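Remarks on the structure that follows.
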Amino acid sequence: MVSFESMAQRARLEGYITNEEGNPMELVSVALQGTSVGTTTNSEGFFRLPVIEQQNHQVVISYLGYSPRQFQINLAPGEIRVINIRMEPLATQLPDFEVKETQIITSQYIRIDPSLSAIIPGPGNGVESLLKTMPGVSATTELSSQYSVRGGNFDENLVYVNGIEIYRPFLVRSGQQEGLSFINSDLVSSISFSSGGFDAQYGDKMASVLDITYKTPEKFGGSFSMSLLEGSLHLEDARMDNRLKYLFGLRHKSNQYLLGTLDTQGDYKPEFTDIQTLISYRLHPQWEMSFLGNYSRNQYLFVPEVQRTRFGTVTEVRQFTVFFDGQETDRFLTALGALSLNYDPTPNHTLQLIGSVFQTDETENFDIKGRYLLERVETDFGSSDFGQPTGTPLGVGAFHNHARNYLNAIVWNVEHKGEIRADNNTLRWGAKYQFEDIFDRLNEWSMIDSAGYSLPRDPAHSLILQDTVNTRIFLQTYRVSGYVQNSFEFQRPHGRYIATAGVRSQYWSFNSQWLFSPRLTLLYKPVWAPRVVLRASGGVYQQPAFYKELRDFQGNINHDIKAQESLQFVLGAEYNLMLWDRPFKYTSELYYKQFKNLIPYELDNVRIRYYANNTASGYGTGIDMKINGEFVPGIESWASLSVMKTEEKIEGAFYTDADGNTVPLGYIPRPTDQRFSFSLFFQDFLPRNPTYKVSMALVYGSGLPLSPPSHQKTRNLSTMPPYRRVDIGFSKELIGPNARNRDSGVFRHIESMWITAEVFNLLEINNTISYLWIRDISNDMYAIPNYLTSRLINLKLVTQF
């Protein structure tokens, strides 16, 4: 896909850029206006920019603190034009002082281009799809937007949109049910992500923080997209002399086409709809009011018919066949409303008051019966029955799964934030009051019948139901939290420093526990290595239970639960380099996390079931690496690599050996212990016709820990097969800067239009998300894999206007 020889034959613009004293300038931006083609200068001030031949291009050269330069070029085929530019400093003389800009040191947060969310191929296009290719982030299913970071689970990740904390539904147990995530990628203007060691201004969770900022419109515009899986529309505008601004987004998705590739066949009817709006109004030059609203309706209806799953080795193949009766109906309704009032008494002083309410209404109903048959498959190539079941059953039986679950939760928030900015200092603070009102009604059970016997067997011949939960829970609590954080920059002869120190505190009325979390980050840019940035961070990260952590497998609430705690240390480095005369950046982070008061849990698909007690301690350590840059001139790609180990020791966990002795279980892998992961996001285009592009997303993750039910001795010591997936998309630009018909007729108001053919799961690998454990009357156990989606072709049209 990458042909450096053909790229070298393209027309290009190159040269050197110097400052007013004739010295080379590094990291100066050189771009073609109205396109995604651009580059930066290296340490010698040299740049090289590929240019489409025989077209007029406006070249824009810019650097912070210097007057931008613009000029027009039109190059002949194969022409190499050399031009040298001398930049002039930009200084604004005000009545009492002069303002000059300085280069900013890169922070510990990963910045992601939100426009790439429409390009990355995969069933779940969006911000989360980009996150899954970041270092330290792992995911084992394409059907869910959830992700784990550095050994944490899904509930340990913070998500903010315009400073508002976002919550997700509680009862979701599989990716098929999940639907749309809150984040509408069409509305996003910036993405900031930290996989650990984040500042005190972010809330009380242990793994990561995703900070999303929505757009601030300056004129009318929008976008429209449709595919075989989903469709979306977004509008934006600024009215009344830019005092009134609004964003509107509408999304609808149905995975019916995708779910048809699963082993379990039936009538899938998933419908997911989401509406969002952001409205801001400038009341006064110093006062602004904004409203963020969201309504989401996710409905999942499934009538299963038959499942046929084959598994095993080349010489030992088994077929598991199930005939179903019954159906599943799930509905998740969520709504969010947030009103913000911003006051800027001075250009360097900001005060904010936020009031928000989140409500979720969730219903999970299913009654599914199944009659199953486990058979051996003939593997003898010389047999006439090769590839067919032998007809000799290895196990037969039936099961019945039942649930009538209902949950309603309302979360009220009132929050104040403030910020004071000085030349080399930024002070931030915040205080928040949160009230939670939760009602949960659980009624679920399962029954397994093998060869006419109910399992587990009862000598009294009474019927025993498994996983029985029947309870009602009413919970009303409040939390008070706050933080103070100060960032200051200082210069020394050997380099520049930015230090950020802060502390968080929280009180929860449920257990009357006060939390105190100090955090510190130090960034250093040495003079002796101007392309290098070093950083170190650490602190205490405490995560109080929200609701699911309080409830055990039987539906009981633990009133003595304490906050989980993580002591974290992170060392990182960033190196900006030039390869093939193009800019690249290599980053790496080495981390160690010490856990205490952990709440053990089991992970099944995307459902987390907690033991609701603080009986575990543990650790997590690893290294994350990423290199990103212009592998192909003018467009960004990256590769990420992570190596990690996380283990826990559960108090009181033991097994009985062959001699009847009780043996402590010791340290065992945590359920999210993915030792190795690699991901790649790559873009390319035809050198002489950039209207044709290709993008590819590759993910490899080693297998997660696995243990049979009730087998304490082997708990989490086995592993599932690795998660391996490649998605690829081929795009054609129909209207846009590189297309010839941009200004024609009815399409003159359209800025760009792309059509894309995507191939999901290109290599058609059977990835396993979970297992169904089946016993026969002899008490032999079989692990039946639940496979994820197979290969599928999707068509997508994306239009911006």
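The values are calculated or read from the model by the stated rules, or taken from the named source; none is laboratory data. All figures in this text were calculated on a predicted structure; none of them were measured in a lab. When we count neighbours, we look across all protein chains shown, and the Cβ atoms used for this are built from the backbone with ideal geometry, even at glycine. Remember, those area values only see protein heavy atoms, side chains included, never the ligands or the DNA or RNA. Shrake-Rupley method; radii C 1.70, N 1.55, O 1.52, S 1.80 Å.
Here are a few things to note about the model shown:
- Sorting 447, 644 by accessible area puts them as 447, 644; the probe is 1.4 Å, largest comes first, and only protein heavy atoms count.
- Most tightly packed first, judged by the mean number of other beta-carbon atoms within 10 Å of their residues, the peptides 686-694, 345-353 read 686-694, 345-353.
- Overall, the accessible surface of the chain at a probe of 1.4 angstrom is composed of carbon and sulfur to the extent of 55 percent.
- In terms of the mean number of neighbouring beta-carbon atoms within 10 Å, the peptides 751-757, 311-317, 552-558 order highest first as 751-757, 552-558, 311-317.
- Rounded, prolate or oblate (a/c below 1.5 giving rounded, otherwise prolate when a/b exceeds b/c) for the range 328-388 by Cα gyration tensor: oblate
- Cα principal axis extents for the range 476-599, largest first, Å: 62, 32, 22
- For residue 261 and residue 283, the FRET efficiency from 1/(1 + (r/R0)^6), where r spans their Cβ atoms and R0 equals 51 Å, is about 0.45.
- Under the Karplus curve 6.51 cos²θ - 1.76 cosθ + 1.60, θ = phi - 60°, whole-Hz ³J(HN,Hα) for the range 468-480, x wherever Gly or Pro sits: 7, 9, 8, 7, 10, 10, 10, 9, 10, 9, 9, 10, 10
- Most simply put, the chain has about 95% antiparallel DSSP beta bridges, counting only bridges with both residues inside it.
- Computed helical MRE - 222 nm, the chain, DSSP H runs ≥ 4 contributing -39500 (n - 2.57), nearest 500: -500 deg cm²/dmol
- Gyration tensor (alpha-carbon) shape descriptor, the range 281-351, a/c threshold 1.5: oblate
- Gyration tensor verdict on the chain (Cα atoms; rounded if a/c is under 1.5, prolate if a/b is larger than b/c, oblate otherwise): prolate
- For the range 218-260 versus the range 399-443, the gap between their alpha-carbon centres in whole angstrom: 26 Å
- Considering only 642, 718, 279, and ranking their Cα positions along the charge dipole of the chain that arises from unit charges at the beta-carbon of Lys, Arg, Asp and Glu, the one farthest toward the positive end is 279.
- Simple spin-label estimate for residue 60 and residue 488 in nanometres, 7 Å along Cα-Cβ: 3.8 nm
- Values of log10 I(q)/I(0), in the order q = 0.13, 0.14 Å⁻¹, for the range 159-292 under a Debye, Cα-only, solvent-free model: -0.73, -0.82
- Entry note, the chain: relative contact order of 10 percent, from Cα contacts under 8 Å with a spacing of 6+ residues.
- Here, the range 135-178 yields an orientationally averaged convex hull projection of 3.7 nm² when only Cα atoms define the hull.
- Aspartates and glutamates whose Cα lies under 18 Å from that of residue 585, excluding same-chain neighbours fewer than 8 positions away: 26, 44, 113, 574, 624, 630, 636
- Counting only protein heavy atoms and a 1.4 Å probe, the chain has 44 square angstrom of accessible area per residue.
- Both the radius of gyration and Dmax for the range 201-264 are 18.2, 57 Å, in that order, over alpha-carbon atoms.
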